[in-house]
Amino acid sequence: MTIDHAHWAHYLLSAVDERRDVQAITKQVDELSIDDAYAIQAALLELQLGRGDTLAGAKLGLTSAAKQEQMGVDAPVYGWVPASTVLHDGVAPLDELIHPRCEPEIVFILGEDLAGPNVTADDVLDATDKVVGGIEVIDSRYEKFSFTLTDVIADNTSAARVVIGDEGMAPRDADLTTLGCVFEVDGTITGTATGAALLGDPARCVAMLANHLGKHGQKLEAGWLVMAGAATDARPLEPGTTAIARYSHLGSVTVSGKV
Ligand code: 0L1
Ligand code: MG
């Protein structure tokens, strides 16, 4: 069965625009390969860029055992961060989202391009201007946040919004594998982790993304932000909810949900 990438990209963008969840693609086609899923993701990005958006960066998802278990998958995924999804005031507009969740992220701000293949964690540190804390708001466009690996790839890895902290450090100022994060939602600590929860080393995650893009003739670009993935599981972001990610060395980042 041939997969119509443009059709499924419009299907997902309509879900965003109309703020409604939709049936997973894999419930409607015989087979959705990883290549087809990334092709739908690329077509979706083209639609967004065609509306005047720009790229602020890229992201990994499902890089921790906590997230892989929560979602029932066993591999990381890669996606894009459109500039329109970066929140500058820490307030997530819930009236534009379907069923958002929030999760802490270690974020790399690149000072130089990173082009695969053969990018290493050391190369990532060399190319990074600073490492900052962040909180990603994810919002699967699928019913009940339920999907297969290829569904979530097509859906740009559930990317919806992101808050980036304004503190941060030079990439070698502290060991990223022991960098700590405490995630607190409405005063309750819901998760704690160190950077090593991200496939052993957050910089290695970013190297994997650069190498993945390299296979498609693409690269991570200077000035971009790159999210390495969440080290704890995601929590619902509801009206009135405030989530704080407190990082060692990176300060704190807050997101709140507002209607
Ligand atoms: O950023 C992420 O880890 C999201 C990956 C996709 C799975 C999900 O929606 O949690
Ligand atoms: Mg994430």
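The values are calculated or read from the model by the stated rules, or taken from the named source; none is laboratory data. This structure is a prediction, so every number in the text was calculated from the model and none was measured. Because the Cβ atoms are built from the backbone with ideal geometry, glycine has one as well, and the counts that use them run over all protein chains shown. Accessible surface areas use protein heavy atoms only, side chains included; no ligands, DNA or RNA. Shrake-Rupley method; radii C 1.70, N 1.55, O 1.52, S 1.80 Å.
Using a Cα-Cα cut-off of under 12 Å, which aspartates and glutamates could be cross-linked to Lys27, ignoring same-chain neighbours fewer than 8 residues away? Answer for Lys27, where 12 Å is the Cα cut-off: Glu143, Asp151, listed by chain and number. For segment 1-121, rounded, prolate or oblate, judged on the Cα gyration tensor with a ≥ b ≥ c (square roots of eigenvalues), a/c < 1.5 rounded, else prolate if a/b > b/c? Taking the square roots of the gyration eigenvalues as a ≥ b ≥ c, segment 1-121 is rounded. Computed over protein heavy atoms with a 1.4 angstrom probe, the accessible surface ordering of Arg20, Arg101, largest first, is Arg20, Arg101. Who wins for biggest fluctuation among Met169, Met208, Met227 in a Gaussian network model of the chain, springs between alpha carbons below 10 Å? Highest fluctuation of the listed residues: Met169. Projected label points at Thr194 and Glu31, each 7 Å from Cα along the beta carbon direction, are separated by 4.3 nanometres. In this label model, Asp74 and Gln218 are separated by 2.7 nm, measuring between points 7 Å along each Cα→Cβ vector.
Assuming a ≥ b ≥ c are the square roots of the Cα gyration tensor eigenvalues, decide whether the chain counts as rounded (a/c under 1.5), prolate (otherwise, with a/b larger than b/c) or oblate. Verdict is oblate for the chain.
For segment 1-87, the carbon plus sulfur part of the accessible surface works out to 48%, probe radius 1.4 Å. Full extension of the chain segment joining Asp129 with Gln23 gains 34.1 nm, where the gain is 0.36 nm per residue of separation less the Cα-Cα distance. In the full protein context, segment 10-90 carries 47 Å² of accessible surface per residue, based on a 1.4 Å probe and ignoring ligands, DNA and RNA. Residues in segment 137-242 average 37 Å² of solvent-accessible surface per residue, probe 1.4 Å, ligands and nucleic acids excluded. Most mobile of Asp113, Asp139, Asp233 per a Gaussian network model of the chain (Cα springs, under 10 Å)? The residue that fluctuates most here is Asp113. When each of the peptides 74-85, 47-58, 116-127 is scored by how many other beta carbons lie within 10 Å of its residues on average, the order from highest to lowest is 74-85, 116-127, 47-58.
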